[in-house]
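What follows is calculated from the coordinates using simple rules that are stated; it is not laboratory data. Source: prediction; values computed, not measured. Neighbour counts are summed over all protein chains in view; Cβ atoms, including those assigned to glycine, are modelled from backbone coordinates with ideal geometry.
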Amino acid sequence: MSSKWEDIEPLIKDDDRYERLMDPADRKKEFNRYISDQNNFAKRQLLNLLKETVTLTNAESGPEYEKNMTLLISDRRWKRMDCISDIRQKFFLEYIRTLPDTIPSLQIVIDPK
């Protein structure tokens, strides 16, 4: 997700898919589209993770922030963005800033059966 065309091109020159696109500009364009798609997918997955983690708070430091991190760091959707952790951190901070100051109470419904 953080790869650059100039670094990848020498590694894929022998790949049949590389040869299908004759124009070098088309190859680079297709690679950049692929990276963009991967980044967008990772962001959508991260957003799903953040929405699913209902106990997140809007704390940007301190023990509450550490608790947030503990809830997230073991999830594959969080780990997927390790190579672009600065983008992940920015995305995370933007998300938690939209959260209310308190966590809404979770109501537990007990089945009377």
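Residue-by-condition table, conditions (1) within 30 Å of TRP78 (Cβ to Cβ); (2) of a type in the set (A, V, I, L, M):
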residue: SER2; (1), (2): yes, no
residue: ASP14; (1), (2): no, no
residue: ARG20; (1), (2): no, no
residue: ALA25; (1), (2): no, yes
residue: TYR34; (1), (2): yes, no
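Could you list, in sequence order, the residues of the range 37-60 that are under 16 Å from GLU94 (Cβ atoms) and free of Cβ contacts under 8 Å to residues at least 24 places away in the same chain? ASN40, ARG44, LYS51, THR53, listed by residue number. One residue stands out among those in the range 90-99 that are outside any loop (DSSP other than H, G, I, E, B) and among the hydrophobic types (A, V, I, L, M, F, W, C): the one that is surrounded by the most Cβ atoms within 10 Å (Cβ to Cβ), which is PHE92.
Those residues that are in contact with a Leu (Cβ under 9 Å, 6 or more places away or on another chain) and of a type in the set (S, T, N, Q), I need them from the range 28-63; list them, please. Within the range 28-63, THR53, THR55, THR57, ASN58 qualify. Note down all Cβ pairs under 7 Å where the first residue falls in the range 66-84 and is without any contact (Cβ under 8 Å) to a residue 60 or more places away in the chain, the second is part of a loop (DSSP other than H, G, I, E, B) and among the β-branched types (Val, Ile, Thr), and they're at least six residues apart or on different chains. Matching pairs, first to second residue: ASN68/THR57; LEU71/THR53; LEU71/THR55; LEU72/THR53. Look at the range 13-35: where a residue is closer than 14 Å to SER3 by Cα and a partner is part of a helix (DSSP H, G or I) and of a type in the set (Phe, Trp, Tyr), sitting 6+ places away or on another chain with Cβ atoms under 7 Å, you get LYS28/TRP5; PHE31/TRP5; ASN32/TRP5.
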